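S.K.: Quick one: the structure is below, questions incoming.
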Amino acid sequence: PSPERAMTTSQTSLRREAEDPQVRQYLEEIEALRLDARSLAEDLSHDQFNWRPDGKRWSIGQCLEHLTLTVKLYPSRIERMIAEARERQARGERAWREGWFTRWFVNSMEPPPKLRSRTFGKVEPPSTLEREAVLRAFDAAHGQLADLVRQADGVSLVHGRTASPFLSILHFTLNQTIALNLAHGRRHLWQARQVRGSAGFPG
């Protein structure tokens with residue numbers, strides 16, 4: 001099926017399986033990332049997939065691998081946040097406050113990039129990558145993220161929070177953690193599309 005038809009089918013399925021409108025939206029956004037990554041890279045040669053515009057910018061493959069490495073840092077954190085949210089709701093505790101700085105930080109991840117920062121070593125992608133292996137890993141990592149988001153259906157998205165795996169002084173709610181990963185995904189897929197459209201991209 002065409003990507004458009006696949007997206008329509010997926011969105012219909014996601015609406016059936018999630019009651020919370022915000023959870024449904026997040027599931028649709030995850031599915032959009034998975035489809036976008038595949039449509040962006042599945043027809044590329046090895047050289048195209050690994051081509052870099054210059055020494056400071058990543059290849060398409062590196063953009064995708066970076067996203068996979070980042071998403072894989074979060075499953076245990078999300079599981080703990082879901083458990084915390086259930087417990088705190090049951091005790092009648094207040095939701096965590098989503099402060100202006102963390103809200104700004106999440107929004108700053110949306111493309112085009114507004115905030116540039118160095119990449120931490122644990123999510124630094126290697127210089128040469130195999131296309132199909134990267135796409136399979138990307139799809140699997142985002143599939144796991146979708147499964148965790150489904151588990152949050154019916155749970156308050158603001159009663160659990162976690163420290164950033166990169167800066168422990170920053171704490172994000174479950175809602176912000178999911179939104180941050182999705183915005184970060186769109187940012188680097190946008191970056192990958194700029195690479196594909198760059199002058200000098202291999203024919």
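S.K.: Can you give the angle from 0 to 90° between the axis of helix 131-151 and the longest principal axis of the chain, with both taken from C-alpha atoms, to the nearest 10?
M.R.: Tilt relative to the chain: about 10 degrees.
S.K.: Pull out the extension gain between residue 54 and residue 132, defined as 0.36 nm times the separation in residues minus the alpha carbon to alpha carbon distance; nm, one decimal.
M.R.: 25.7 nm
S.K.: Express in Å², to the nearest 10, the accessible area of residue 54 obtained by rolling a 1.4 Å probe over the protein heavy atoms while all chains stay in place.
M.R.: Using a 1.4 Å probe on the heavy atoms, I get roughly 60 Å².
S.K.: Now for a separate question. Taking the Cα centre as origin and putting +1 on Lys and Arg beta-carbons and -1 on Asp and Glu beta-carbons, what dipole magnitude results for the chain, to the nearest 20 debye?
M.R.: Value, rounded to 20: 680 debye.
S.K.: Among residues other than residue 154 whose Cβ falls under 9 Å from its Cβ, what is the net charge (Lys/Arg +1, Asp/Glu -1)?
M.R.: -3
S.K.: Suppose R0 equals 35 Å; then what is the FRET efficiency for residue 153 and residue 122 from their Cβ-Cβ distance, rounded to the nearest 0.05?
M.R.: It comes to 0.70.
S.K.: Just from its helices, what would the mean residue ellipticity at 222 nm be for the chain, if runs of 4 or more DSSP H residues each count -39500 (n - 2.57) and the sum is divided by every residue, rounded to the nearest 500 deg cm²/dmol?
M.R.: -19500 deg cm²/dmol
S.K.: Quick check: at a probe of 1.4 Å, how many percent of the accessible area of the chain sits on carbon and sulfur atoms?
M.R.: 50 percent
S.K.: If you don't mind, another one. Here are a few candidate values for percent of Cα pairs over 30 Å apart: (1) 24; (2) 39; (3) 16. Which one was actually calculated from the structure I just gave you?
M.R.: Looking at percent of Cα pairs over 30 Å apart for this model, the match is (1).
S.K.: While we're here: At a threshold of 8 angstrom on Cα-Cα distance, excluding pairs fewer than six apart, so keeping six or more, what relative contact order does the chain reach in percent?
M.R.: Reported relative contact order: 36 percent.
S.K.: OK, next. Where in the chain is the longest stretch that carries no chymotrypsin sites (Phe, Trp or Tyr not before Pro) classed as loop by DSSP and with at most 16 other Cβ atoms within 10 Å?
M.R.: It runs 1-119.
S.K.: Moving on. Mind checking the per residue accessible area of region 57-179 for me, 1.4 Å probe, whole number of Å²?
M.R.: 51 Å²
S.K.: Looking at the chain, identify the longest residue range that excludes and avoids all GluC sites (Glu not before Pro) in DSSP loops having at most 11 other Cβ atoms within 10 Å.
M.R.: Answer from the scan: 43-203.
S.K.: Let me ask something additional. Do you know the relative contact order of region 101-192, to the nearest whole percent, from alpha carbon pairs under 8 angstrom that are 6+ apart?
M.R.: RCO, region 101-192: 46 percent.
S.K.: Share of Cα-Cα pairs in region 82-150 beyond 18 Å, in percent?
M.R.: 70 percent
The values are calculated or read from the model by the stated rules, or taken from the named source; none is laboratory data. Keep in mind the model is a prediction, meaning the values are calculated, not measured. Ideal geometry is used to build each Cβ from the backbone, glycine not excepted, and the neighbour counts take in all protein chains shown. The area values use the complete protein model at the heavy-atom level, side chains included, leaving out ligands, DNA and RNA. Shrake-Rupley method; radii C 1.70, N 1.55, O 1.52, S 1.80 Å.
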